[in-house]
Amino acid sequence: MRTYKHIVFLLAVLLAILNRQLSTAQTMVYLERAETLDFDQERIADAQILRGDVVFRHEEALMYCDSAYFYEQTNSLDAFGHVRFEQGDTLRGFGEALFYDGNTKIAHLRHNVKLIHGLEKGPRGSKGNPTILTTDSLTYDRNENLAYYYTGGTIADTLNTLTSVRGQYAPNTKQAVFSEQVRLDNPKFILTSDTLIYNTETKVTDIVSPTTIVYEKETTIRTSRGWYNTDNEQSMLLDRSVVEHADGKMMTGDTIYYDKAIGYGRVLGKMEMRDSVQQATLYGNKGEMWETDSRGYATDSALMVDWSDEEHYAYIHADTLFTEEMHYTDSAKTDSTYRRVRAHYGVRVFRDDMQMKCDSMIYLGSDSTIHLFTDPICWSDNQQISADSITVFIVNEKVDHAIGTGNALTVMEDSAGVYNQMSGKEITATMHDGEVELIDISGNALTIYYPKEENGDLVGMNTTESSFIRVYVNNREVERIRFTKETTGVLYPMDQIPAGGDRLASFFWASKVRPTDPMDVFRKVDDF
């Protein structure tokens, strides 16, 4: 039994020695051929001097040159003249000099270096979609299968050309990393960055530093993190990236999915879409936009700011806001397009000269009108207007007049603490310099108003009923009222007003739900 164990031990030792010898043999650099071989111990000790069609082999790699110094003891070589390096069927390197260490498997190619990957040699010539790396100084690590340069280089594939001061390329993964003065040239755009990761097979760039992508006279993208597919122009842009267009439109957000080819963008988180031509900005935590017909929407804290009038910004909030470019069908119109804005559910609007509330709203740029639906209310100064629907007309960027149709009611809070009230089928309130100056009520017009003495004392409460009433307003108070001949009415002294007679049947005062400043449009309000 002892003899058997001794034999097994000796066999194991011999096997280990054999494996080590085989391993050593696999790492040796071999001279395949040369036309001449010389030695010069005084000038180049321990070197074989080779000239003429020199070929070396190391494992699956072949190295060609015009002349070389071969250091057999250190398992290394220096090659010169028409250097060619080949590994497998798809990787070839060219240069004027090669310094190769067989122990570390690191090759240094120098001067007019070119590394070609992906071009397969076949019986009918080469084929494939190669990646070509050019530089003046290249290091290739065969252990890691990684090529890199430090003094400037270019990597080009069938679609893009990338240049940088520093770079590396991994043939196994086809992944390239670039740093310092990075530039990617594409037939459609130019990308510049400080650091960039690029895959020559997928054509996708991983963006890891401040990066700019410029489509000349079209679009500029600024981002610091994300990815961009240079083939189909789809991208995911993070960290408040910005997409700007030459026509004045801009989009930003925490996360942007952008498809440049079809002109589509989706934004998540603190979205902002600005149109400098229309002078409006759309905000929200989620939204989409389509460039072809210039339309988009915002939801989740949606807000539109119209800054076309420097004196009266308009702040519009709703659950969902839509904006789109519309086209006239009437060929007689000189301007063939206009902007339409739609707001749905929980609409609240703040302007310095008017505030609004309703459930849905439409703004038409063709005639600068705002249409309010479902329980709309408008406020201006001390006046409140409500109706089944209200249309507000903007002239020269200012509110000119508003028309309430169906169950229309206007209420004016007097400085004396009373409410002047008018109701009818339709009410038109005309404004000047931000203040109501004229109110027309038609169709079963009812009024409760309080005439005053010259000193401001209340005369009493006047109730009237007519088919049409015109109310003149001055300095936020009823100055006078004009009635038709068929008008009937009663004037009650202040101490003889019937109980409950100081309110029209449709009266309500909704000051609690009135937006009081731009950010108040986000306030959730209960029924008044």
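The values are calculated or read from the model by the stated rules, or taken from the named source; none is laboratory data. No experiment lies behind these values; they were computed from the predicted model shown. Heads up, the Cβs are rebuilt from the backbone with ideal geometry, glycines too, and the neighbour counts pull from every protein chain shown.
What the table below lists for this structure:
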read-out: Some residue of the range 491-506 being out of contact with any helix residue (DSSP H, G or I) (no Cβ under 7 Å at 6 or more places or on another chain), within 21 Å of ASP359 (Cβ to Cβ) and not in a helix (DSSP H, G or I); value: yes
read-out: Extreme residue, surrounded by the most Cβ atoms within 10 Å (Cβ to Cβ), among residues of the range 223-255 that are closer than 24 Å to VAL341 by Cα and touching a Gly at 6+ places or on another chain (Cβ under 6 Å); value: GLY253
read-out: Qualifying residue in the range 450-460 (condition: at pLDDT 90 or above, over 22 Å from ILE497 (Cβ atoms), assigned by TED's automatic domain parsing to the domain that holds VAL395 and surrounded by fewer than 17 Cβ atoms within 10 Å (Cβ to Cβ)); value: no
read-out: Residue ID - nearest to LYS524 (Cα to Cα), chosen from residues in the range 316-335 that are out of contact with any strand residue (DSSP E or B) (no Cβ under 6 Å at 6 or more places or on another chain) and modelled with pLDDT of 65 or more; value: TYR328
read-out: Any hit, the range 226-247, residues being more than 24 Å from VAL182 (Cα to Cα) and modelled with pLDDT under 95; value: yes
read-out: Qualifying residue in the range 178-197 (condition: among the polar types (S, T, N, Q), in a strand (DSSP E or B) and at positive phi); value: yes
read-out: ASP353, sole failed condition from (1) charged (D, E, K, R); (2) out of contact with any strand residue (DSSP E or B) (no Cβ under 6 Å at 6 or more places or on another chain); (3) not assigned by TED's automatic domain parsing to the domain that holds PHE507; value: (2)
read-out: Residues within the range 139-161 that are assigned to a loop (DSSP other than H, G, I, E, B), closer than 14 Å to GLN87 by Cβ and of a type in the set (D, E, K, R), tallied; value: 2
read-out: Per-region count, the range 381-399, residues more than 34 Å from the chain's Cα centre (by Cα), surrounded by 16 or more Cβ atoms within 10 Å (Cβ to Cβ) and more than 18 Å from TYR449 (Cα to Cα); value: 4
read-out: Identity of the residue in the range 421-449, surrounded by fewer than 19 Cβ atoms within 10 Å (Cβ to Cβ) and among the acidic types (Asp, Glu), that ends up nearest to the chain's Cα centre (by Cα); value: ASP433
read-out: Test: residue in the range 48-57 that is touching a Ser or Thr at 6+ places or on another chain (Cβ under 8 Å) and either loosely packed, with under 15 Cβ neighbours inside 10 Å or in contact (Cβ under 8 Å) with a residue 40 or more places away in the chain (or both); value: yes
read-out: Residues that are touching an Asp or Glu at 6+ places or on another chain (Cβ under 8 Å) and surrounded by fewer than 15 Cβ atoms within 10 Å (Cβ to Cβ), drawn from the range 271-302; value: VAL277, ASP293
read-out: Criterion: more than 30 Å from SER467 (Cβ to Cβ) and crowded, with 18+ Cβ neighbours inside 10 Å - qualifying residue of TYR345, TYR363; value: TYR363
read-out: Conditions (1) surrounded by 12 or more Cβ atoms within 10 Å (Cβ to Cβ); (2) over 22 Å from VAL436 (Cα atoms); (3) hydroxyl-bearing (Ser, Thr, Tyr); number of the one not met by SER467; value: (2)
read-out: Residue among ASP89, ASP136 that is surrounded by fewer than 16 Cβ atoms within 10 Å (Cβ to Cβ), part of a loop (DSSP other than H, G, I, E, B), without any contact (Cβ under 8 Å) to a residue 40 or more places away in the chain and not hydroxyl-bearing (Ser, Thr, Tyr); value: ASP89
read-out: Scope the range 214-248; condition assigned to a strand (DSSP E or B) and in contact with a Lys or Arg (Cβ under 7 Å, 6 or more places away or on another chain); matching residues; value: TYR215, THR219, ASN229, LEU238, ASP239, SER241, VAL242
read-out: The range 260-272 residues that are assigned by TED's automatic domain parsing to the domain that holds THR323, paired with ones that are of a type in the set (Ser, Thr, Tyr) and surrounded by 15 or more Cβ atoms within 10 Å (Cβ to Cβ) (beta carbon under 6 Å, 6 or more apart); value: GLY265/TYR258; ARG266/TYR257; LEU268/THR255; GLY269/THR255; GLU272/THR252; GLU272/TYR283
